[in-house]
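Worksheet for the structure shown next.
Bear in mind these aren't lab numbers, they're just calculated from the coordinates by the rules spelled out. What you see is a predicted model, and the numbers here were worked out from it, not measured in a lab. Heads up, the Cβs are rebuilt from the backbone with ideal geometry, glycines too, and the neighbour counts pull from every protein chain shown.
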Amino acid sequence: MGLSDKSHHDHGSTSDHADLDSHEAAECPVMRGTMVVKTEAEEDGRVREYGGQIYYLCCDSCGTLWDASPEQYAG
């Protein structure tokens, strides 16, 4: 399996969305330090609700990890 494989989980620089405020962006609870544009996550179905809070995920791989164990990442 090479670097182009889907299992490779690298989102590059965390400053890609550094100019966005908290109304526009959120930190992925699975891949800490990775900022997520909320509207993009919503459009792509990478939003989860847990314990009355909304969480925005940076990618489908994080969605799979979240779905398996949300209590590990929430909070």
Approximate spin-label separation GLU42-ASP60, in nm, with each point projected 7 Å along Cα-to-Cβ: 2.2
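Subtract the Cα-Cα distance of GLN53 and ALA68 from 0.36 nm times their separation in residues, and report this length gain in nm to one decimal.
Full extension of this stretch gives 3.7 nm more.
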Backbone HN-Hα couplings from phi across segment 53-60 [Karplus 6.51/-1.76/1.60, Hz, Gly and Pro as x]: 10, 9, 10, 10, 9, 7, 7, 5
